[in-house]
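What follows is one structure encoded as structure tokens, with my remarks underneath.
The values are calculated or read from the model by the stated rules, or taken from the named source; none is laboratory data. Note that the structure is a prediction, hence the values are computed from the model and not measured. Note that we place each Cβ from the backbone using ideal geometry, even for glycine, and neighbour counts take in every protein chain shown. For the accessible areas, the whole protein counts, side chains as well, though only heavy atoms, and no ligand, DNA or RNA atoms are used. Shrake-Rupley method; radii C 1.70, N 1.55, O 1.52, S 1.80 Å.
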Amino acid sequence: MNGFVPSHIPVLRALEEVWGSDRFIVIGAAAVGYHIGMSWRGTLDLDLSVTAGIDKYTPDLEGLGWRRDQNAPQRWYLPEDLIVDVVPAEPSSVRAGRMVWPDGSAMNLLGFRLAFADAILVEIEPATHIRVASLRSIVVLKMSAYLDKPWERETDLAVASQPVAVVAADFNLDGVVDLAVANQGSNTLSILLGKGDGGFGAASRTPVLTRLP
């Protein structure tokens, strides 16, 4: 299954049975893999977002036998030796643009409204459907996540200036998928080279002479 290793399927099936396909989406590397293929991916972890607060979905996940990391509230350990990161995106928090974890730390939710609205319904096995974030929304989520990391803003937020198009290809011919992002706000083209582990390096910008539509 493109983007999903076999061990992901029963996990996603269980969530679809508990929540239905409209309450959660797949984000992160697994979602990128669905769109562009990542057979070289080095991690089997899943990243999800759910339209509920942490106090609402915790009993559901505990009922599935999942165990939450006491030091990282987004991280869950599964009996199948998988790790799943879950981001709560209840509507009120999405409208506010941020959510607060139980330890008081805040997380920026810029881009999650687009991610849910733009998600693609995917059949991962007969009669089991989930929603996967679109590639363009993944780029927005990736860049907005760095709002929580000031030491990375200078290099990475450069690509978040109104992205209007994304192309995935191996631009430097190293066998790893890279991303090119057209930024309307700054009229630039950003290149993010794949690192081979599901992530991307810092964005490099090139001015575009023709005004982006």
Q.
Of the residues R68, R113, R95, only one is part of a strand (DSSP E or B) and open to solvent by 20 Å² or more (accessible area, probe 1.4 Å); which?
A. R68
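Give the residues of segment 73-85 that are without any contact (Cβ under 8 Å) to a residue 12 or more places away in the chain and either assigned to a strand (DSSP E or B) or touching a Lys or Arg at 6+ places or on another chain (Cβ under 6 Å) (or both), sorted by residue number. Full working, then the answer.
Our first condition is that a residue be without any contact (Cβ under 8 Å) to a residue 12 or more places away in the chain; within segment 73-85, this holds for 75, 77, 81.
Residues satisfying the conditions are R75, Y77.
Please specify each residue of segment 168-181 satisfying the condition of being assigned to a strand (DSSP E or B) and modelled with pLDDT of 75 or more. Walk me through it before giving the result.
Kept after step one, since they are assigned to a strand (DSSP E or B), are these residues of segment 168-181: 168-169, 178-181.
Of everything in segment 168-181, those that are assigned to a strand (DSSP E or B) and modelled with pLDDT of 75 or more turn out to be D178, L179, A180, V181.
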Q) Restricting attention to segment 1-15, and to residues there that are surrounded by fewer than 21 Cβ atoms within 10 Å (Cβ to Cβ), assigned to a loop (DSSP other than H, G, I, E, B) and of a type in the set (A, V, I, L, M, F, W, C), which single residue is modelled with the highest pLDDT? A) V5
**Q.** Those residues of segment 101-110 which are more than 22 Å from R131 (Cβ to Cβ) and either at pLDDT 90 or above or in a loop (DSSP other than H, G, I, E, B) (or both), in sequence order
**A.** W101, P102, D103, G104, S105
Q: Return yes when D103 is open to solvent by 10 Å² or more (accessible area, probe 1.4 Å), farther than 25 Å from A168 by Cα and free of Cβ contacts under 8 Å to residues at least 12 places away in the same chain and no when it is not.
A: no
**Q.** Residues located in segment 16-52, provided they are modelled with pLDDT under 95, touching a Lys or Arg at 6+ places or on another chain (Cβ under 8 Å) and open to solvent by 20 Å² or more (accessible area, probe 1.4 Å)
**A.** S21, D22
Q) Which pairs do you get when a residue that is under 15 Å from A89 (Cα atoms) and of a type in the set (D, E, K, R), found in segment 12-30, comes within reach of a residue that is assigned to a strand (DSSP E or B) and open to solvent by less than 20 Å² (accessible area, probe 1.4 Å), reach meaning Cβ atoms under 8 angstrom, with the pair 6+ apart or on two chains? A) R23/V50
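Only one residue in T155, T206 is open to solvent by 20 Å² or more (accessible area, probe 1.4 Å), of a type in the set (S, T, Y) and either modelled with pLDDT of 70 or more or in a strand (DSSP E or B) (or both), so which one is that? Don't jump to the end; show me each part of the working.
Working: T155 fails: either modelled with pLDDT of 70 or more or in a strand (DSSP E or B) (or both).
One residue alone meets the criteria, T206.
Here is a list: A127, A165, A160. Which entry is open to solvent by 40 Å² or more (accessible area, probe 1.4 Å), at pLDDT 80 or above and small (G, A, S)?
Details: A165 fails: at pLDDT 80 or above; A160 fails: at pLDDT 80 or above.
Result of the check over A127, A165, A160: A127.
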